[in-house]
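Enquirer: Attaching a single structure in structure tokens format; questions to follow.
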């Protein structure tokens, strides 16, 4: 079997520190691949006016498999100011390259597992009966529709006349009758039946394959009646095809309360794009935070795997990196699962679990230290040192 080629896109900030560590772990577990570099991120926005150059698009079209690091994203006015002088005023508009990747390649299924590692000092704890301290075991997988909803990019400030006229055909627009058009900002929440069916089907199939007994639709159909309502009706019809799996439905606001009340009761959760982003960050906080939050972006014939943390630029200039690479390493495990190398993925996960449970080597976040270079002098492991420890357990 020929080697796979994986496009490595470190991106910005700490992405350039954590992605090489994931590759080291992949090599240590015996996974053989060819790696090619893909340009992406803020540097290319500033000097080229495009944070996702066409040359990177071509690499992804060719190889269809990628590990991604992190992205810097800034509001429109700030982004425009940082363009190279010769590009100023030329009509360039910054769009998040990871969002563009998802939409360009229809990477519509986003999977975000949030699972407790035994012994992680950052695990969620709660007070039980009679002053008892409980540490519930969380094992949740969030399926997030990845290309539609509020992330579709259909929005306007001071909407064009035809858009304004169309919106005014809706009776609820009377609430804005006294607002001048130039003072309106409108973002459209668009869901399609096809994409909704696909993400809900993926959630049920995952539950069936891995033995989860429930799928929770986390939306807001009592208020957002058309879009969330469509998701609920599709899920209610689909659950009939999956005997032994219950369909639960929760409102996003109530879910954010319940996730700290009884997180161990949830299994697979499925959401639209924005709500999936919110609830996955909430659950990741229960299992250690963004240093452990991995994800997959999967389309029909292509996939990109990434940690869900940002570029954290304040850490990028440290002489020795202190950031936790486990989210990126776990994202690489998801890539191994995707290409049929589950045994290697499980071996890496077990190595991570052993390092965490033994507790001899910890990153600064696991030690609950301030994220500064001084954390190393206080006993925290560097990014490279924690990876070294994981590799030792592999051997």
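The values are calculated or read from the model by the stated rules, or taken from the named source; none is laboratory data. Here the structure is a predicted model, which means the values were calculated and not measured. Please note: Cβ atoms are built from the backbone with ideal geometry, for glycine as well, and neighbour counts cover all protein chains shown.
Enquirer: When the residues of the stretch 80-97 are narrowed to those that are farther than 25 Å from residue 293 by Cβ and in contact (Cβ under 8 Å) with a residue 24 or more places away in the chain, which ends up surrounded by the fewest Cβ atoms within 10 Å (Cβ to Cβ)?
Expert: The selected residue is 90.
Enquirer: Among the residues of the stretch 108-121, write down those that are crowded, with 18+ Cβ neighbours inside 10 Å and over 27 Å from residue 8 (Cβ atoms).
Expert: Correct list: 116, 120.
Enquirer: Still on this structure: Any chance you could count how many residues in the stretch 176-208 are within 27 Å of residue 233 (Cα to Cα) and in a helix (DSSP H, G or I)? Quick ask: steps written out before the conclusion?
Expert: Within the stretch 176-208, the subset within 27 Å of residue 233 (Cα to Cα) is 186-208.
Filter again for in a helix (DSSP H, G or I), leaving 193-208.
Residues in the stretch 176-208 being within 27 Å of residue 233 (Cα to Cα) and in a helix (DSSP H, G or I): 16 in total.
Enquirer: Can you report the number of residues in the stretch 341-361 which are closer than 17 Å to residue 119 by Cα, under 23 Å from the mean Cα position of the chain (by Cα) and without any contact (Cβ under 8 Å) to a residue 40 or more places away in the chain?
Expert: Of the residues in that region, 1 qualify.
Enquirer: Could you list, in sequence order, the residues of the stretch 371-381 that are over 24 Å from the mean Cα position of the chain (by Cα) and surrounded by fewer than 19 Cβ atoms within 10 Å (Cβ to Cβ)?
Expert: 372, 373, 374, 376, 377, 378, 379
Enquirer: For the stretch 60-78, how many residues meet the condition of being at pLDDT 95 or above and more than 22 Å from the chain's Cα centre (by Cα)?
Expert: Total meeting the criteria: 1.
Matching residues to (1) part of a strand (DSSP E or B); (2) out of contact with any helix residue (DSSP H, G or I) (no Cβ under 6 Å at 6 or more places or on another chain); (3) surrounded by fewer than 17 Cβ atoms within 10 Å (Cβ to Cβ):
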site: 319; (1), (2), (3): no, yes, yes
site: 322; (1), (2), (3): no, no, no
site: 330; (1), (2), (3): no, yes, no
site: 334; (1), (2), (3): no, yes, no
site: 347; (1), (2), (3): no, yes, no
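Enquirer: Another question, then. Quick test for you: out of 105, 124, pick the one residue that is surrounded by 16 or more Cβ atoms within 10 Å (Cβ to Cβ) and more than 24 Å from residue 282 (Cα to Cα).
Expert: Exactly one of 105, 124 is surrounded by 16 or more Cβ atoms within 10 Å (Cβ to Cβ) and more than 24 Å from residue 282 (Cα to Cα), namely 105.
Enquirer: Right, here's the next one. Counting only residues that are within 26 Å of residue 64 (Cα to Cα), out of contact with any helix residue (DSSP H, G or I) (no Cβ under 8 Å at 6 or more places or on another chain) and assigned to a loop (DSSP other than H, G, I, E, B), which one in the stretch 257-309 is modelled with the highest pLDDT?
Expert: Checking each candidate, the answer is 299.
Enquirer: Counting only residues that are in contact with a helix residue (DSSP H, G or I) (Cβ under 9 Å, 6 or more places away or on another chain), give me the helices (runs of 4 or more DSSP H) lying completely in the stretch 47-120 with at least 3 of them.
Expert: 54-63, 97-104
Enquirer: So if I check each of 197, 155, 205, which one is touching a helix residue (DSSP H, G or I) at 6+ places or on another chain (Cβ under 7 Å) and either within 25 Å of residue 231 (Cα to Cα) or surrounded by 14 or more Cβ atoms within 10 Å (Cβ to Cβ) (or both)?
Expert: None of the other options fit; the residue is 197.
Enquirer: While we're here: So, residue 338, is that one surrounded by fewer than 24 Cβ atoms within 10 Å (Cβ to Cβ), touching a residue at least 12 places away in the same chain (Cβ under 8 Å) and in contact with a strand residue (DSSP E or B) (Cβ under 7 Å, 6 or more places away or on another chain) or not?
Expert: When the stated conditions are applied, residue 338 passes them.
Enquirer: Is the stretch 35-55 home to any residue that is touching a residue at least 24 places away in the same chain (Cβ under 8 Å), under 30 Å from residue 205 (Cα atoms) and touching a strand residue (DSSP E or B) at 6+ places or on another chain (Cβ under 6 Å)?
Expert: Among the residues of the stretch 35-55, not one is touching a residue at least 24 places away in the same chain (Cβ under 8 Å), under 30 Å from residue 205 (Cα atoms) and touching a strand residue (DSSP E or B) at 6+ places or on another chain (Cβ under 6 Å), which makes the answer no.
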